[in-house]
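Engineer: This structure is in structure tokens; I'll ask about it shortly.
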Amino acid sequence: MTKKTVKDVEVRGKRVLVRVDFNVPLKDGKVTDDTRLRAALPTIEYLCQQGAKVILVSHLGRPKGAPDESLRLDPVAQRLEELLGRPVRKLDSCVGPEVEEAVAALNPGDVLLLENIRFHPGETKNDPELAQGLAKLCDIYVNDAFGTAHRAHASTVGVAKLRPAVAGFLMAKEIEALSRLLTSPARPFVALIGGAKISDKIGVLRSLLTRVDSLLIGGGMANTFLAAQGYNLGRSLLEPDQLEQARSIMEEARERGVNLVLPRDLVVAANKEAGAEHRVVPVNEVPEGWMALDVGPATVEEFCRILAGARTIFWNGPLGYFEQPPYDAGTVAVARALPATAETIVGGGDTVAAVTRAGVADRITHISTGGGASLEFLEGKELPGIAVLEDK
Ligand SMILES: Nc1ncnc2c1ncn2[C@@H]1O[C@H](COP(=O)(O)OP(=O)(O)OP(=O)(O)O)[C@@H](O)[C@H]1O
Ligand SMILES: O=C(O)[C@H](O)COP(=O)(O)O
């Protein structure tokens with residue numbers, strides 16, 4: 001790790017502003033998946049133990065620069081308090097005199113959570129005034145929000161330029177795990193990429209082609225590759241404007257000697273509703289008007305065989321419409337077959353949910369808390385929220 005971390009600065013008695021990624025799913029005023037909260041605990045606990053005054057700032061969802069009652073951070077504060085086992089005071093704003101007063105009243109070891117920073121119109125514009133407002137609250141800035149490191153916002157970049165800025169433990173762990181994939185993956189290195197669209201992942205697909213031995217493609221994006229090969233996919237989710245991209249990726253894989261593997265069979269259904277008629281067909285026999293919603297058993301077998309021989313695996317994106325059983329079968333079967341002998345790295349909210357549902361989360365070497373951030377990192381891009389942190 002070339003970046004300074006919280007261990008490289010004296011935090012005792014200091015006001016420390018920690019950018020966390022508490023962008024978590026909520027239902028009926030409760031956090032339904034607290035993975036990102038748990039992931040930030042080591043940094044928060046360390047700072048409390050060291051006697052820092054801890055001020056947490058996060059976004060939640062995508063409010064349009066104004067308060068949105070359904071996206072307040074109160075449920076997050078409540079859950080965090082349970083996990084931390086110490087009080088977390090939640091404020092209703094992020095900057096200004098009231099917040100400054102609350103910060104001035106903090107004692108070493110206290111934890112304060114600011115309101116959703118995206119309620120402020122300056123956040124996503126990286127507005128200097130908002131950055132100044134945040135800088136006023138602290139002596140030291142810590143970024144532990146790996147999931148948001150690909151955004152150049154006021155709370156990830158603007159404020160970091162105004163104070164000594166270092167990485168939290170989660171940020172450091174993510175950088176280390178993902179860097180290994182870029183610099184020294186044990187071979188064979190196999191990437192498994194699924195999810196809805198090629199257009200979201202074109203950059204990472206191209207980057208992976210220069211690094212991996214095998215690239216396995218499933219999910220909605222495989223439909224576009226299959227259509228590019230001339231198969232009729234019925235009413236399946238696919239991107240007609242990405243057929244050329246798909247062809248060029250397949251061509252590049254051939255030139256580079258990368259084993260690009262597409263589904264050979266699919267689970268097709270008459271529609272997406274629960275209980276709809278469905279069956280397994282070879283890729284050249286999708287019935288007119290039906291849709292592919294999962295990879296079939298022959299594909300699962302082939303993917304598992306290749307994964308069994310891998311020493312490094314990166315997985316992003318479910319292999320089918322996994323929210324709706326039985327179309328989770330392919331994703332779950334592949335998750336269960338991930339070999340314990342390989343270094344396995346999984347990223348993306350849906351993929352992490354699928355791995356958890358399959359009951360194999362504890363067998364994964366590194367579960368990234370970043371979706372878009374982990375993909376951009378693997379594209380080889382410098383993430384602005386990381387670039388701005390101090391070097392060792
Ligand atoms: N064959 C398919 N037909 C329809 N939807 C599909 C299909 N395959 C995958 N999906 C959908 O794609 C979505 C996941 O795609 P996405 O690319 O967002 O995954 P991810 O990167 O793991 O998650 P995140 O967006 O949280 O980072 C899921 O909602 C899933 O149901
Ligand atoms: O969930 C995420 O990927 C991060 O929290 C970033 O959220 P954003 O895509 O709304 O910037």
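Yes/no per residue for (1) in contact with a Ser or Thr (Cβ under 6 Å, 6 or more places away or on another chain); (2) under 21 Å from LEU37 (Cα atoms); (3) without any contact (Cβ under 8 Å) to a residue 40 or more places away in the chain:
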residue: ASP328; (1), (2), (3): no, no, yes
residue: ARG357; (1), (2), (3): no, yes, yes
residue: ASP362; (1), (2), (3): no, yes, yes
residue: HIS366; (1), (2), (3): no, yes, no
residue: THR369; (1), (2), (3): no, yes, no
residue: GLU376; (1), (2), (3): no, no, no
residue: LYS381; (1), (2), (3): no, no, no
residue: PRO384; (1), (2), (3): no, no, no
residue: VAL388; (1), (2), (3): no, no, no
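Engineer: Name every residue in segment 309-343 that is of a type in the set (S, T, N, Q) and crowded, with 24+ Cβ neighbours inside 10 Å, in order of residue number.
Structural biologist: Within segment 309-343, ASN316, THR331 meet the criteria.
Engineer: Now a separate question. Just to verify a result, which residue in segment 252-268, among those that are of a type outside the set (Gly, Ala, Ser) and over 19 Å from VAL295 (Cβ atoms), is surrounded by the most Cβ atoms within 10 Å (Cβ to Cβ)?
Structural biologist: Across segment 252-268, the extreme among qualifying residues is VAL258.
Engineer: If you scan segment 192-204, which residues turn out to be buried (at least 24 other Cβ atoms within 10 Å of the Cβ) and over 16 Å from the mean Cα position of the chain (by Cα)?
Structural biologist: Once the filter is applied, which keeps residues that are buried (at least 24 other Cβ atoms within 10 Å of the Cβ) and over 16 Å from the mean Cα position of the chain (by Cα), segment 192-204 yields only ILE198.
Engineer: Of all residues being away from ligand 1 (no atom under 16 Å from the Cβ) and within 17 Å of ARG62 (Cβ to Cβ) in segment 131-180, which is surrounded by the fewest Cβ atoms within 10 Å (Cβ to Cβ)? Just the residue, please.
Structural biologist: Here the answer is ALA152.
Engineer: Within segment 76-92, how many residues turn out to be of a type in the set (A, V, I, L, M, F, W, C) and assigned to a strand (DSSP E or B)?
Structural biologist: 1
Engineer: Within segment 359-372, count every residue that is within 16 Å of ligand 1 (Cβ to nearest atom) and either more than 18 Å from GLY194 (Cβ to Cβ) or among the β-branched types (Val, Ile, Thr) (or both).
Structural biologist: Residues that pass the stated criteria total 5.
Engineer: Strands (runs of 3 or more DSSP E) wholly in segment 127-220 with at least 2 residues that are in contact with a Lys or Arg (Cβ under 7 Å, 6 or more places away or on another chain) and closer than 23 Å to PRO263 by Cα - which ones?
Structural biologist: Fully inside segment 127-220 and qualifying: 189-193.
Engineer: Right, another one. Do the conditions hold for LEU293, that is, is it surrounded by 22 or more Cβ atoms within 10 Å (Cβ to Cβ), more than 18 Å from VAL204 (Cβ to Cβ) and under 25 Å from the mean Cα position of the chain (by Cα)?
Structural biologist: yes
Engineer: Within segment 205-224, can you find the residues that are surrounded by fewer than 19 Cβ atoms within 10 Å (Cβ to Cβ) and either touching a Phe, Trp or Tyr at 6+ places or on another chain (Cβ under 6 Å) or not assigned by TED's automatic domain parsing to the domain that holds PHE314 (or both)?
Structural biologist: Within segment 205-224, just ASP213 meets the criteria.
Engineer: Take segment 40-88 and flag every residue that is among the basic types (Lys, Arg) and under 25 Å from VAL157 (Cα atoms).
Structural biologist: Of everything in segment 40-88, those that are among the basic types (Lys, Arg) and under 25 Å from VAL157 (Cα atoms) turn out to be LYS53, ARG62, LYS64, ARG72.
Engineer: Right, something else. Inspect segment 314-321 for any residue being out of contact with any strand residue (DSSP E or B) (no Cβ under 6 Å at 6 or more places or on another chain) and either within 11 Å of ligand 1 (Cβ to nearest atom) or modelled with pLDDT under 95 (or both) and give the result as yes or no.
Structural biologist: Within segment 314-321, one or more residues are out of contact with any strand residue (DSSP E or B) (no Cβ under 6 Å at 6 or more places or on another chain) and either within 11 Å of ligand 1 (Cβ to nearest atom) or modelled with pLDDT under 95 (or both).
The values are calculated or read from the model by the stated rules, or taken from the named source; none is laboratory data. Just so it is clear, the model here is predicted, and its values are computed rather than measured. Because the Cβ atoms are built from the backbone with ideal geometry, glycine has one as well, and the counts that use them run over all protein chains shown.
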